[in-house]
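Enquirer: To start, I am sharing the structure in question, which I have written as structure tokens.
Please treat every number below as a calculation from the coordinates, not as lab data. Given the structure is predicted, the values throughout are model-derived calculations rather than measurements. Please note: Cβ atoms are built from the backbone with ideal geometry, for glycine as well, and neighbour counts cover all protein chains shown.
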Amino acid sequence: MDAIILQILNGLDKGSAYALIALGLTLIFGTLGVVNFAHGALFMIGAFCSVTLAKLLNLSFETVDPTQKDFLGNPLKVKTPYIESWFGPEVGATIIDWSVPLAILFAIPIMLVVGYVMERGLIKHFYKRPHADQILVTFGLAIVLQEIIKFYFGANPIQTPAPDALSGVASVGGAVGLNIAYPIWRLCYIAFSLLLIGGAFAFLQFTTFGMVVRAGMADRETVQLLGIDIDRRFTIMFGLAAAIAGLAGVMYGPINAPNYHMGMDFLVLSFVVVVVGGMGSLPGAVLAGFLLGILEAFASTTWATTTIPGINQIIIYLVAIIVLLTRPRGLMGKKGVMED
Amino acid sequence: MTKTTMSRRGVLKTGAIAGAGLALPTYLSAASHAGFTNAPQGDTVTLGFNVPQSGPYADEGADELRAYELAVEHLNGEGDGGMLNTFSSKALEGNGILGKKVEYVTGDTQTKSDAARASAKSMIEKDGAVMITGGSSSGVAIAVQGLCQEAGVIFMAGLTHSNDTTGKDKKANGFRHFFNGYMSGAALAPVLESQYGSDRKAYHLTADYTWGWTQQESIAAATEALGWETVNNVLTPLAQTDFSSYIAPVLNSGADVLVLNHYGGNMVNSLTNAVQFGLREKMIDGKQFEIVVPLFSRLMARGAGENIKGILGSTNWHWSLQDEGSKAFVQSFGTKYGFPPSQAAHTCYVQTLLYADAVARAGSFNPCAVVEALEGFEFDGLGNGPTLYRAEDHQCFKDVLVVRGKENPTSEFDLLEVVEVTPRAQVEYAPDHPMFAGGTLGECNPGA
Amino acid sequence: MGILEVKNVNKRFGGLQALGDVNLSVAENSCHAIIGPNGAGKSTLLNCLVGKLIPDTGSVMFDGQSVLGRKPYEINQMGISRVFQTPEIFGDLTVMENMMIACFAQRDGAFKMHAIGSMWKEKDIVEKAEHMLESMNLAEKRDMHTASMSRGDKRRMEIAMCLSQEPRLLLLDEPTAGMARADTNNTIDLLKKIKEERDITIAIIEHDMHVVFSLAERITVLAQGTPLVEDTPEKIKGHPKVREAYLGEAQVA
Amino acid sequence: MFGLTKKDLSLLGIVAILTMAAPFILNPFPTESAMAQFNAGYPDLMQKFVIFGIFAIGFNILFGLTGYLSFGHAAFLGVGSYSCVWMFKLLGYNVLPGIALSIVVSGLFALLIGVITLRRSGIYFSILTLAFAQMSFALAYSVLSNPKFNLTNGETGLQVYADDPQWFHSANLPDLPHLFGLSMRATHRMTLGGWEFQFNAGYYMCAIIMLVCFYLAIRIFRSPFGLMLRAVKSNQQRMNYTGLNSRPYTLAAFVISGMYAGLAGGLLSAVDPLAGAERMQWTASGEVVLMTILGGAGTLIGPVLGAGLIKYFENIFSKINESVLHSWFGFLPDGLEDFVITIVYPFVGKGWHLTLGLIFMLVVIFLPGGLIEGGQRIGRLFRGKKASKAGKSATTEPAE
């Protein structure tokens, strides 16, 4: 029982990342009709926002300590972050410790700008072009973005640890007689994702802005006839989708150290998620994200891999194939979306 | 074995057929007069440095390249000479190799066998490289080694840890200075026993490809010999980024040691995840839960950050070693680049020197002469104590380091501390050891 | 017995009864128009005839064979060609290529692996296509990409493609929708000419009464998914029910 | 001649001349000159040019004609490579059985995958092919290389070992892939002044096969079948209502392009008998997409050019390291030299992916017809007013 719940938690965890990326992909597709292969890169840029912030916070001045020697036998240069000298060592260290949560605030404006620039500068010119062209140009963009990140940050992963207070394990389900220890940060990640997903849905459901966007998704021309500048709003939606992907990346940092190709790693999977959920369906994207996450977790168990060797390698793709062949529009897909 | 080499007459004959068939003028290549591929012309000799410059191991590749450049400097008599001064063989005089100035070409393996072979081929076919060296993964090393055997040039392997490189896939033209999976197991086992006792239950997570399997096999064999029990061995996909669903079952398996047979990004992620799940704080039947990472790399350790602290593993070399060779190398590398070299850099530097020295001693660039000079060569002063290039499989035998992630690092490079230098005798094995069986060296191939 | 027999066809979309007990018989070599206000179920009916939709109940027989459950291309091969409301042609191909595709489909059936010989060496196809273009006044546009043609030309192109398949039944879905008066008249003349020149049955769905009364020999009026009346144009014109349900609105429009 | 029009025949002729004279054309710089770095006329790269040319020609038959964007074609390439090496292991090093088998096996594999994936179109098709290819890669890399059932030899790559049966191997045959005794590695070097040219048997075999493939592709493009494939891309609705079943047409195109990919894979093994699983990764599929688009999808020669360009980048451009840059810009004053190198450095050598990505984006944005379109535009510029006027009236008449 404990093991099953553990795997469900693992699945939810993985699914959170899938769902957040897939949600953004679907938003972009639904509003702008663009298939964005660079969305994984946005996720990665989000994660590197927190790397950058940590680097900024750790900007240091050097003092020479003659009592210690460095590896060449010269006097050791001791680095002290400016922030520690400004706020005192303790406050400074605490700020550095909390750099990942702080990076959320740091990342939101950056991602909005990145999304805005991407839409106005590039994607805008591709609305009228075939989907294949959209895929290709954003695929090219993804390559360029990841190479830029690699040039500045190197190829090896860079740790962005969670704050000390959030990095231990928590006992889950003690009240119902279960004894499960689960990393606190991963629980935070699940909660954060649910919050973000809920927020996105509430935003679309209850604000005027959201209603206009939804109306625009359903029938762009009519909304434009009403004299509403739908393009402007769609641009903002692109920024929001970028921000969601970016925040998913920031929060994912402590789970797995960010590296330059994490975007590509997630991209393929999140496209599979979107297609399984149903192109253009927001609830479908979220549902499929969690579903595939959980399936993947269970396929990794010893039981599964001994029953069918290698199932853990292919489960996601296998499910995608089966779903697409039995439910051609995905789990919750609408008719007529991307069928030409 | 006549099968693995190609007679020179055969080449000429088939060449003649090709020439007649295509009605092209038949010129014999200059190289074939000298009797081997890419015999150096003029007063220079070209070496090929084939390292990953893009892809996940690009940072290792960059460090390897730095070491190669340093080695070329030293061979040509520039810089402070580095380990040339401590090397037991004094055949090299700092005037290039056999008086020919050393030049080099670089290539990008992309950590893909195909790309690595293409890159090596261009060095051989276009740039006239007489020796290829480099690599940061076993698949690539084995692929390039096979190519060099066929083409008739020497291959000096860089970072490759799989048993197969000098086991089932060994080749007469290929040489490995780096240690291997078996040695990791043999070196780690006594330390594991002294640190964690002989009554342990180990759970293995293994990268699901050739290197992972041989590594797991070696470690399991070595620890089971101590009396450890292997509870489970779970294979993880290479592309896996989140290992939580593999880590979670460890908690309830009754195991009290987790062995991570992972390298590179896999290792960083699986270790990070294991620490996240609080494995290291767990007590199983009164015993502290432990994690072991058999193959450590300092560059990777940096990626793993805090999580590496207190974790045992093995490594080929570490910059904090205090022998004269290591000190000289760290000094000249550190002065040039501002940070200490990695084990990948070390093995690549040493391999270049060893090749140059073998040529100097043989008095010829002919691969067969080089092979003869290297086979059974005993040397010292290159950082690992007295070392033997064994003739039977072209594997170097030397001391192996058991290291632990340092609890209180003084700098960003000071991540590992040496726990024990396992003496060479302890990691030696018979050439026909079952883990290495299956292949044959064949005969050296001088090519054209 | 007509060439096309529709019996008791019903089609529901969720709660909406799109077609209710439609019966229709189209006589061979006649021109039969189906008219009705928006939402009367004209397009649904048409889609049931060509295999795009499958009726919930009822039967659709073409020349004694059921078309139900067959794919659009199979139905086409039986001899039913369809002209769409907005011209559906191969936009990035030339006029001649468009024509040749239709000719190949007529000669070789739904699929033929003909991958090595040059298409221009198929003399019979080339001749037939050229002849067809001549007769439809498209010959001078032979090498033009069809996407850049005028709406009227596109319509003619599409009709020409359908005709080159020598169908026994030609279905036209509002062929003059969105056309200028002159283009509409041209299209009417074209269809009249076709009717005169060959043995062909035409079923036409139309909004424009001018078109309907110029062409049709019989008219079925559809309202709310059921046929209201079926008769000759003269009778329909004076029919009170039709006036009430339909014509008043149409004349306004 | 050959059943081609004059225009196509001259295109084929030009390609034939270019491929046959490639050892000269690709080695324009004397061996000892500083520009020798940019010579591409060595056997391995020339082989890659034509082999990936074949791959791209085949991919173009699917993508260029039908518009179905497959992200999984590398799987067929990989299957072809493995089949060929297996023939080496079982029968011996003659390349013919290997190449034949690689075409057959990849054709069957493409048929299987095509039947399933072609039930969907658009992005669904792309994702389905991607899923299949990733599954194939994962299986080849690990599961299918387990010691009990070692089909692919995993990470190391499938290769011939001394204890393989090689039933038809005999002592007087080369121990490397050969064509009835003619080793694929047999190379003639011809020295002319400062130049050196290499004529390699493997290259010429591949080049001849590529010419045959190119010729077949022209025939397919001009055939009724090719017309139908273009109809699929243009308007499937009209196609269905014209009595044409688009499924078998696309399936046939898929299988043909799969066989081309398999042939390319087989040839890769034939010139270098080691088949690695990375050949099947989705990024490898992405590469052939890049090649085709870069050159010009739907054009005959474009994909071959694209393949050449990308392989040139991968093998030549990637070798420009910092010391090479210093030797180039050494003539500049020190400060300026460093500045120029700082600007250029991220884009060359190990940064070649970045440059490739940028070029690719620029092509997709500004030249949807690929480099071929670029060439045509330049050509039009030179041909002057008259031609452009005629072109205008033919293509840009208002739609309504």
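Enquirer: Take A:T63 and C:E234, extend 7 Å from each Cα along the Cα→Cβ direction, and tell me the distance between the two endpoints in nm.
Expert: Going from the A:T63 label point to the C:E234 one covers 11.4 nm.
Enquirer: Only Lys, Arg, Asp and Glu count, each charged at its Cβ (+1, +1, -1, -1), so figure out the dipole size of segment C:92-166 about its Cα centre, rounded to 20 debye. All intermediate terms of the calculation are to be shown ahead of the outcome.
Expert: Working: 11 positive and 13 negative charges, 29 e Å.
Rounded to the nearest 20 debye, it is 140 debye.
Enquirer: Sticking with this one: So, by mean Cβ neighbours within 10 angstrom, what's the order for C:60-67, A:95-102 with the highest one leading?
Expert: Numbers: C:60-67: 16.5, A:95-102: 18.9.
The packing order, highest mean first, is A:95-102, C:60-67.
Enquirer: Treat each spin label as a single point 7 Å out from the Cα along the C-beta direction, and report the D:V340 to B:N95 distance in nm.
Expert: About 3.6 nm, to one decimal.
Enquirer: Within 10 Å of each candidate Cβ there may be at most 11 other Cβ atoms; applying that plus a DSSP loop requirement, which chymotrypsin sites (Phe, Trp or Tyr not before Pro) in segment D:94-174 survive?
Expert: On the way: sites: D:F109, D:Y124, D:F125, D:F132, D:F137, D:Y141, D:F149, D:Y161, D:W167, D:F168; in loops: D:F149, D:Y161, D:W167, D:F168.
In loop regions of segment D:94-174 (DSSP not H, G, I, E or B), the sparsely surrounded chymotrypsin sites (Phe, Trp or Tyr not before Pro) are D:F149, D:W167.
Enquirer: Oh, and also: May I ask you to work out the translational diffusion coefficient for segment D:179-284 at 25 °C, viscosity 0.890 mPa s, via Stokes-Einstein with Rh from the Kirkwood sum over Cα pairs, reported in whole µm²/s?
Expert: Details: Rh = 17.1 Å.
Taking Rh from Cα pairs, D becomes 143 µm²/s.
Enquirer: Once you have a ≥ b ≥ c as the square roots of the Cα gyration tensor eigenvalues for segment B:182-315, tell me rounded if a/c is under 1.5, and otherwise prolate or oblate according to whether a/b is larger than b/c.
Expert: Numbers: a/c = 1.32, a/b = 1.14, b/c = 1.16.
Verdict is rounded for segment B:182-315.
Enquirer: Whose amide H sits under 5 Å from the amide H of D:S223, counting only residues 5 or more places off or on another chain, with H placed in the peptide plane?
Expert: Long-range HN contacts for D:S223: C:M119.
Enquirer: Hey, another quick one. If you wrap a convex hull around the Cα atoms of chain A, how much volume per residue is inside, in Å³? The partial results should precede the final answer.
Expert: Working: hull volume 64.1 nm³, N = 340.
Measuring per residue, one finds 189 Å³ for the Cα hull of chain A.
Enquirer: Another question, then. With a ≥ b ≥ c taken as the square roots of the eigenvalues of the C-alpha gyration tensor of segment B:286-444, please select rounded if a/c is under 1.5 and otherwise prolate if a/b is larger than b/c or oblate if it is not? Could you put the intermediate results ahead of the total?
Expert: Working: a/c = 2.55, a/b = 1.47, b/c = 1.74.
Oblate, since a/c reaches 1.5 and b/c is not below a/b.
Enquirer: Please average, across the residues of D:353-359, the number of beta carbons from any other chain that are within 10 Å of each residue's own beta carbon, and give a whole number. Before the final figure, lay out the partial values.
Expert: Numbers: counts 10, 9, 2, 4, 10, 5, 1.
The per-residue average across the peptide is 6.
Enquirer: If you don't mind, there's one more thing I want to ask. Under 8 Å for C-alpha pairs, at least 6 residues apart: give me the relative contact order for chain C, rounded to a whole percent.
Expert: Over chain C, the number comes to 27 percent.
Enquirer: Where is the GNM fluctuation largest for chain D (alpha-carbon springs, 10 angstrom cutoff): D:T299, D:T283, D:T66?
Expert: For chain D, modelled as a Gaussian network with Cα springs under 10 Å, the answer is D:T283.
Enquirer: Let me ask another. Find how many whole Å separate the alpha carbon centroid of segment D:256-321 from the alpha carbon centroid of segment C:128-192.
Expert: 44 Å
Enquirer: I would also like to ask the following. Hey, can you grab everything whose amide H is under 5 Å from the amide H of A:A170? Only 5+ residues off in sequence or another chain; H modelled, so Pro and N-termini drop out.
Expert: Placed amide hydrogens put A:Y182, A:I184 under 5 Å from A:A170.
Enquirer: Let's see if you can work this out: charge +1 on each Lys and Arg Cβ, -1 on each Asp and Glu Cβ, no other charges. What is the dipole magnitude of segment D:1-145 about its Cα centre, in debye to the nearest 20? Please report the intermediate quantities before stating the final value.
Expert: Details: 6 positive and 3 negative charges, 83 e Å.
Charge dipole, segment D:1-145, about its Cα centre: 400 debye, nearest 20.
Enquirer: Compute the longest continuous run of chain B that contains no exposed GluC sites (Glu not before Pro); treat a site as exposed when its DSSP state is not H, G, I, E or B and it has at most 14 other Cβ atoms within 10 Å. Present the calculation step by step, with values, prior to reporting the outcome.
Expert: Values: sites that count: B:E78, B:E93, B:E392, B:E407, B:E412.
In chain B, the maximal stretch lacking such sites is B:94-391.
Enquirer: Output wanted: per-residue J couplings in Hz (rounded whole) for segment B:290-300, from phi through Karplus 6.51 cos²θ - 1.76 cosθ + 1.60, θ = phi - 60°, x for Gly and Pro.
Expert: 10, 10, 10, 10, x, 10, 9, 9, 5, 5, 6
Enquirer: Sticking with this one: Among C:L190, C:L172, C:L133, which one shows the highest mean-square fluctuation when chain C is modelled as a Gaussian network with alpha-carbon springs under 10 Å?
Expert: The residue with the greatest mean-square fluctuation here is C:L190.
Enquirer: At what distance in angstrom do the alpha carbon centres of segment A:153-205 and segment D:57-120 lie from each other?
Expert: 44 Å
Enquirer: If I build a Gaussian network model for chain D, linking alpha-carbon pairs within less than 10 angstrom, which residue out of D:I209, D:I218, D:I365 has the largest mean-square fluctuation?
Expert: D:I365
Enquirer: Here is a further query. Between B:V234, B:G265, B:M283, whose Cα lies farthest towards the positive end of the dipole of segment B:182-315 when Lys and Arg beta carbons carry +1 and Asp and Glu beta carbons carry -1, centred on the Cα centre?
Expert: Going by the charge dipole, the pick is B:G265.
Enquirer: 222 nm [θ] for the protein assembly as shown, helices only, -39500 (n - 2.57) per DSSP H run of 4+, per residue, to 500?
Expert: On the way: 53 runs with 747 residues, N = 1441.
Helix-only estimate at 222 nm: -16500 deg cm²/dmol.
Enquirer: Using bins 10 angstrom wide from zero, how does P(r) for the protein assembly as shown break down, in % of all Cα pairs?
Expert: 1, 8, 15, 19, 19, 15, 10, 7, 4, 2, 0, 0
Enquirer: While we're looking at this one, here's another question. How big is segment C:92-166 by Rg and Dmax over its Cα atoms, in Å?
Expert: Just the Cα atoms of segment C:92-166 yield Rg and Dmax of 11.9, 36 Å.
Enquirer: Work out, in µm²/s and without decimals, the Stokes-Einstein translational diffusion coefficient of segment D:258-371 at 20 °C, 1.002 mPa s, Rh from Kirkwood over C-alpha pairs. Let's see the in-between values first.
Expert: Values: Rh = 16.1 Å.
Reported coefficient: 133 µm²/s.
Enquirer: While we're here: Taking the Cα centre of segment A:198-340 as origin and charging only Cβ (+1 Lys, Arg; -1 Asp, Glu), how large is the dipole, in debye to the nearest 20?
Expert: Details: 8 positive and 8 negative charges, 49 e Å.
That gives a dipole near 240 debye.
Enquirer: Quantify how strongly other chains surround peptide B:165-171 by giving the mean number of their Cβ atoms within 10 Å of each of its Cβ atoms.
Expert: Values: counts 1, 0, 0, 2, 5, 0, 0.
Mean number of neighbouring Cβ atoms from other chains: 1.
Enquirer: Put a dot 7 Å past each Cα toward the Cβ at D:S33 and B:M283; how far apart are the dots in nm?
Expert: The modelled label-to-label distance comes out at 7.8 nm.
Enquirer: Which order do the peptides B:341-347, B:243-249, D:33-39 come out in when sorted by mean C-beta neighbours inside 10 angstrom, highest first? Each step should come with its number before you reach the end.
Expert: Details: B:341-347: 29.1, B:243-249: 24.6, D:33-39: 15.1.
Highest to lowest by the protection proxy: B:341-347, B:243-249, D:33-39.
Enquirer: In whole Hz, with x marking every Gly and Pro, tabulate ³J(HN,Hα) for segment C:68-81 from phi via Karplus 6.51 cos²θ - 1.76 cosθ + 1.60, θ = phi - 60°.
Expert: 3J(HN,Hα) across segment C:68-81, in whole Hz: 5, x, 8, 6, x, 5, 5, 5, 4, 5, 6, x, 10, 10.
Enquirer: What are the residues whose amide H is under 5 Å from the amide H of B:K201, where those residues sit 5 or more places off or on another chain and H is modelled from the backbone?
Expert: B:E229, B:D256, B:V257
Enquirer: What order do you get for C:30-41, B:429-440 when each peptide is scored by the mean count of other beta carbon atoms within 10 Å, highest first? Numbers along the way, then the final one.
Expert: Details: C:30-41: 21.1, B:429-440: 14.7.
The most tightly packed comes first, giving C:30-41, B:429-440.
Enquirer: Using a 10 Å cut-off around each Cβ of peptide B:297-305, what is the average number of partner chain Cβ atoms that fall inside? Walk me through the numbers before you get to the answer.
Expert: Numbers: counts 1, 0, 3, 2, 0, 5, 8, 4, 6.
Mean inter-chain Cβ contacts per residue within 10 Å come to 3.
Enquirer: Filter the chymotrypsin sites (Phe, Trp or Tyr not before Pro) in segment A:101-134 to those in DSSP coil with at most 13 other Cβ atoms within 10 Å of their Cβ, and list the result. Can you show the working numbers first?
Expert: Working: sites: A:F106, A:Y116, A:F126, A:Y127; in loops: A:Y127.
Listed in order of number, the matching sites are A:Y127.
Enquirer: Looking only at Cα atoms, what is the convex hull volume of segment A:215-330 per residue, in Å³? Write out the running numbers ahead of the final one.
Expert: Details: hull volume 14.3 nm³, N = 116.
Spelled out: Cα convex hull of segment A:215-330, divided by residues, is 123 Å³.
Enquirer: For Cα pairs less than 8 Å apart in space and 6+ apart in sequence, what is the mean separation divided by the residue count of segment C:92-166, i.e. the relative contact order in percent?
Expert: Numbers: 65 pairs, mean separation 40.8, N = 75.
Relative CO of segment C:92-166 lands at 54 percent.
Enquirer: Considering chain D, what Rg and Dmax in Å follow from its alpha-carbon atoms?
Expert: My reading of the Cα-based Rg and Dmax gives 22.7, 74 Å.
Enquirer: Apply the a/c threshold of 1.5 to the C-alpha gyration tensor of segment A:44-192 and tell me whether it is rounded, prolate or oblate. Please list the in-between numbers first.
Expert: Working: a/c = 2.39, a/b = 1.29, b/c = 1.86.
Oblate is the answer for segment A:44-192, as a/c is 1.5 or above yet b/c matches or exceeds a/b.
Enquirer: Find which of D:M239, D:N153, D:V85 sits farthest along the positive direction of the dipole of chain D, computed with +1 on the beta-carbon of Lys and Arg, -1 on that of Asp and Glu, about the Cα centre.
Expert: D:M239
Enquirer: How much length is gained on full extension from D:F382 to D:T191, taking 0.36 nm per residue of separation minus their Cα-Cα distance?
Expert: Details: separation 191, 0.36 × 191 = 68.76 nm, distance 3.83 nm.
The D:F382-D:T191 span can extend by a further 64.9 nm.
Enquirer: A follow-up question, please. Over chain A, what relative contact order in percent results from Cα pairs under 8 Å that are six or more residues apart? The partial results should precede the final answer.
Expert: Details: 528 pairs, mean separation 115.7, N = 340.
So the answer I get is 34 percent.
Enquirer: Same structure again: Would you be so kind as to identify all helices of chain B, as entire DSSP H runs, whose Cα atoms reach 15 Å or more along the helix's own axis and whose mean Kyte-Doolittle hydropathy is at least -1.0? The partial results should precede the final answer.
Expert: Numbers: long enough: B:8-22 (21 Å, 0.43); B:58-75 (25 Å, -0.42); B:113-125 (17 Å, -0.32); B:138-151 (19 Å, 0.89); B:181-196 (21 Å, 0.34); B:210-226 (25 Å, -0.21); B:265-276 (16 Å, 0.00); B:324-337 (19 Å, -0.54); B:343-362 (28 Å, 0.35).
TM-like helix candidates: B:8-22, B:58-75, B:113-125, B:138-151, B:181-196, B:210-226, B:265-276, B:324-337, B:343-362.
Enquirer: Spelling out what I want: for every residue of segment A:41-53, take phi, set θ = phi - 60°, compute 6.51 cos²θ - 1.76 cosθ + 1.60 (Karplus), and round to whole Hz; glycine and proline get x.
Expert: Whole-Hz 3J(HN,Hα) from phi for segment A:41-53: 5, 5, 4, 5, 4, x, 4, 6, 4, 6, 4, 4, 4.
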